[in-house]
Amino acid sequence: MRIQSEFVEGFGQLAELPEAVTVFGSARTPEDSLEYKMGVELGQKLSRAGYAVITGGGPGCMEAANKGAREAGGVSVGLGIELPFEQSMNEYVDLGIEFRYFFVRKTMFVKYSCGFVTLPGGFGTMDELFEALTLVQTRKVTSFPVVLMGTEFWGGLLDWIRSTLVGTGKISPADVDLIHVTDDVDEAVRIISEADQNRGARLKEEQRAVRNTIGDAQ
Ligand SMILES: CC(C)=CCNc1ncnc2c1ncn2[C@@H]1O[C@H](COP(=O)(O)O)[C@@H](O)[C@H]1O
């Protein structure tokens, strides 16, 4: 089955990836914009912090993050999507995989990264952002930071989330804390790596608990 083979191939090709962060954002961001510049800086700094950078492999913000990763000598990954119109992977992708199904590709973004950073974008970006937030809110993934870059761009959405979603009880006030917003690339990287360290500490705690339980049972 085509869907199954797409999962199997994706898992196989990404299994060896170092720890990675996925960067989302508009396919339409022009190269001479501040947002593109921010994407390049983000790709560079994530790479220097030791993370592979995964994007959707397309133009705009995706290209910017891949470019930054390539420039910093990092691992630059593109998980592309087959579209009805001709479009190739951006030129800064070193490891590229093309998917036919959006939902298979989305699984790969979550499975192979330890956090998401979202640059300004449109429908595609919103879809990816809210999927991530739903997974974190329902604890399908844990210690998974979601960072939004661009306080001005995201401000209106956050106001609406607080006033309308919290205001009418559709989400709890604590759910708003799942979202980190910043204009500072260093802060975005710091949020990701701190969550990473917490995850490491929690894992050790769990391993110790398991060892103690086994010890008690012997
Ligand atoms: C100019 C144009 C429409 C190109 C489409 N080419 C694309 N190539 C790869 N991923 C994409 C593309 N369009 C949307 N996406 C996915 O949706 C997000 C961007 O959608 P949008 O531009 O914000 O809504 C990206 O993070 C990416 O994962």
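How far is the Cα center of segment 92-142 from the Cα center of segment 1-77, in Å?
Value for the Cα centre distance between the two parts: 11 Å.
Report the full-extension gain for the segment ALA201 to GLU31: residue separation times 0.36 nm, less the Cα-Cα distance, to one decimal in nm.
Stretched out fully, the ALA201 to GLU31 stretch lengthens by 57.2 nm.
How much length is gained on full extension from ARG2 to SER163, taking 0.36 nm per residue of separation minus their Cα-Cα distance?
Length gained, ARG2 through SER163: 53.6 nm.
How much accessible area per residue does the chain have, counting only protein heavy atoms and a probe of 1.4 Å, in square angstrom?
For the chain, the per-residue accessible area is 53 Å².
What full-extension length gain, to one decimal in nm, is calculated for GLN137 and VAL176 as 0.36 nm per residue of separation minus the Cα-Cα distance?
My answer for the length gained is 13.1 nm.
Between TYR101 and GLU16, take the C-beta separation as r, use R0 = 30 Å, and let me know the FRET efficiency to the nearest 0.05.
E between TYR101 and GLU16, to the nearest 0.05, is 0.85.
Convert 20 °C to kelvin, take the viscosity as 1.002 mPa s, use the Kirkwood radius over C-alpha pairs of segment 90-131 as Rh, and evaluate the Stokes-Einstein diffusion coefficient in µm²/s, rounded to a whole number.
181 µm²/s
Net charge within 10 Å of THR142 by Cβ-Cβ distance, Lys/Arg positive one each and Asp/Glu negative one each, not counting THR142 itself?
Surrounding charge for THR142 is +4.
For the chain, which span is the longest to avoid every loop-located (per DSSP) member of trypsin sites (Lys or Arg not before Pro) having at most 15 other Cβ atoms inside 10 Å?
29-99
Once you list every other residue whose beta carbon is under 11 Å from the beta carbon of GLY80, what net charge do they have if Lys and Arg are +1 and Asp and Glu are -1?
0
Work through the residues other than ILE191 whose Cβ is under 14 Å from its Cβ and net out their charges, Lys, Arg +1 and Asp, Glu -1.
That sum, taken over residues with Cβ under 14 Å, equals -4.
Out of the GluC sites (Glu not before Pro) in segment 1-95, which ones are loop residues according to DSSP with at most 11 other C-beta atoms within 10 Å?
Answer in residue order: GLU16, GLU82, GLU86, GLU91.
On the protein heavy atoms, probe 1.4 angstrom, tell me the percent of accessible surface of the chain carried by carbon and sulfur. Please list the in-between numbers first.
Numbers: 6180 of 11540 Å².
Of all accessible area on the chain, carbon and sulfur atoms account for 54 percent.
Considering the Cα trace of the chain, what is its radius of gyration and what is Dmax, both in angstroms?
Rg and Dmax of the chain, Cα atoms, are 18.1, 65 Å.
Exactly which chymotrypsin sites (Phe, Trp or Tyr not before Pro) in segment 8-104 are in a DSSP loop and have at most 10 other Cβ atoms within 10 Å?
PHE85
In percent, how large is the relative contact order of segment 1-94, given Cα pairs closer than 8 Å and 6 or more residues apart?
In percent, rounded to a whole number, it is 26.
The values are calculated or read from the model by the stated rules, or taken from the named source; none is laboratory data. Remember, it's a predicted structure, so these values are computed and weren't measured experimentally. Positions of Cβ are generated from backbone atoms using ideal geometry, with glycine treated the same way; all protein chains shown enter the neighbour counts. Calculation scope for accessible area: heavy atoms of the full protein, side chains included, ligands and nucleic acids excluded. Shrake-Rupley method; radii C 1.70, N 1.55, O 1.52, S 1.80 Å.
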